[in-house]
1. Mind checking which residues of the stretch 307-333 are over 19 Å from residue 371 (Cβ atoms), in contact with a strand residue (DSSP E or B) (Cβ under 9 Å, 6 or more places away or on another chain) and part of a loop (DSSP other than H, G, I, E, B)?
2. Among the residues of the stretch 334-344, which ones are surrounded by fewer than 22 Cβ atoms within 10 Å (Cβ to Cβ) and either part of a loop (DSSP other than H, G, I, E, B) or in contact with a helix residue (DSSP H, G or I) (Cβ under 6 Å, 6 or more places away or on another chain) (or both)?
3. Could you please let me know if residue 494 is without any contact (Cβ under 8 Å) to a residue 60 or more places away in the chain and assigned by TED's automatic domain parsing to the domain that holds residue 309?
4. Taking the conditions exactly as written (surrounded by fewer than 18 Cβ atoms within 10 Å (Cβ to Cβ), within 23 Å of the chain's Cα centre (by Cα) and either in the same structural domain as residue 120 (by TED's automatic domain parsing) or on the phi > 0 side of the Ramachandran plot (or both)), does residue 268 satisfy them or not?
5. Residues 395, 421, 417: which one is surrounded by fewer than 16 Cβ atoms within 10 Å (Cβ to Cβ) and either outside any strand (DSSP E or B) or modelled with pLDDT of 95 or more (or both)?
6. If I filter the stretch 67-89 for residues that are under 30 Å from residue 232 (Cα atoms), outside any strand (DSSP E or B) and outside the structural domain of residue 151 (by TED's automatic domain parsing), do I get at least one hit?
7. Residue 172 is checked against (1) out of contact with any strand residue (DSSP E or B) (no Cβ under 8 Å at 6 or more places or on another chain); (2) more than 30 Å from residue 392 (Cα to Cα); (3) touching a residue at least 24 places away in the same chain (Cβ under 8 Å) and fails just one. What number does that condition carry?
8. Across the stretch 432-463, which residue is surrounded by the most Cβ atoms within 10 Å (Cβ to Cβ) among those that are in contact (Cβ under 8 Å) with a residue 40 or more places away in the chain and part of a loop (DSSP other than H, G, I, E, B)?
């Protein structure tokens, strides 16, 4: 009986020893600073309403790099600097734009230019002509017909009324569903080949159309917005790369203003438009882009690093509040909180505000390649032109001297909704660790650790080379219905209370990671 009690006691002791240690006193300090003395709203307001949209390599992006460095320095962080990534492309900005219907009636149309398209150099007027172009061969039918015309590139789209609320939060059923892991289907080489073929055809058609419209003397081009309800969802057109054709001025028009133009043409009416796009390239060369970096220096294990980050670049129709000024404000606030509460981490905590995320994780991918690991660059020129996710395997992973210094990277980039948990990226060993770190925040809605993968943002640059890179689960709010890449992506659509909660959790995660005896566990690299 005594021996049994001893065995049970030893078992309990070992179990307690195996539990993840959480510094609850520090968590309490972080919560107090985050919930009662927050500056996250002020940071987001300055970034979005005083600086504005931050297209990579635009003058506004340079302002954002400068201002964030000033704030990091003001807060007492160290090693504050911008780090370049080479040959991103030209800078671009626009001041204003307008499209007016002149006949068969008069009306202003809601429109914004696509990034990296030229301006009109003052208003231009012309008749509208609708094009139907699915392949390069379709261009031939319009030879000699476009001079002095304003071309409509998109087809009409039926309006679909909203049947659900635009803004949503996870309910318990939704969070529970996230805990289920769907076993991936076997890789299908044919499907991959088709995706690559479709990508190449789209790219070639866009380049051919750009040059064709110039050669044929078109004045401007209009496309339909991808969303209804007057929302302008817009990305890039033309080309950011020096030496490539940028086409004619191209603007995206609200769907409810675009569709009537096509219906008028179907009725054989003369549609006449006036277009003005005050857009310009701010450089003529393939300039480098810049990531902004700062650190809270560690003591004891200062050569090891815990990273947190978010992308600071945005599209230009709105002010980039939810995508991704929110993430930037949270990561900056997490660093401010840690300084304010006097945190003295063992490992160095490094924040990175990325650029070029919207063009394919360009800034973070370059940073990871320089500092931690990369796959060999392809030698085939055609492969070099492809985004990394379309390239064929090029060989074994090449690790740098810094490979073993990184403990983890934490990312935020799904709007301004509160954190509900974290994606473990199939890293089973981190799940109980994250559950322990989240427990002090169960009372503010952060409750789940899911083994699922999530993609499409900067943690993937780390995850794809086998480094622990994680994105948090967030309430979506209206991210996917109203603000993502749209002119409604503004401060008014952000939830400041949610960002306060997120900053407290992020600060806690990076602090706990920096204080652990061991770095976070890694998973095996899955190479193609």
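1. Scanning the stretch 307-333 gives 313, 315, 316, 317, 318.
2. Step one: filter the stretch 334-344 for residues surrounded by fewer than 22 Cβ atoms within 10 Å (Cβ to Cβ), giving 339-344.
Scanning the stretch 334-344 gives 340, 341, 342, 343, 344.
3. no
4. Numbers: surrounded by fewer than 18 Cβ atoms within 10 Å (Cβ to Cβ): yes; within 23 Å of the chain's Cα centre (by Cα): no; either in the same structural domain as residue 120 (by TED's automatic domain parsing) or on the phi > 0 side of the Ramachandran plot (or both): yes.
In short, no.
5. Values: 421 fails: surrounded by fewer than 16 Cβ atoms within 10 Å (Cβ to Cβ); 417 fails: surrounded by fewer than 16 Cβ atoms within 10 Å (Cβ to Cβ).
Just a single option satisfies the conditions, and that option is 395.
6. Narrowing the stretch 67-89 to residues under 30 Å from residue 232 (Cα atoms): 67-68, 87-89.
Next cut, outside any strand (DSSP E or B) only: 67-68.
Among the residues that remain, those that are also outside the structural domain of residue 151 (by TED's automatic domain parsing) are: 67-68.
Scanning the stretch 67-89, I find at least one residue that is under 30 Å from residue 232 (Cα atoms), outside any strand (DSSP E or B) and outside the structural domain of residue 151 (by TED's automatic domain parsing), so the answer is yes.
7. (3) is the only condition that residue 172 fails.
8. Checking each candidate, the answer is 458.
The values are calculated or read from the model by the stated rules, or taken from the named source; none is laboratory data. Predicted model, so just to flag it, every value in this text is computed and none were measured. Quick reminder, even Gly has a Cβ in these numbers, built from the backbone with ideal geometry, and neighbours come from all protein chains shown.
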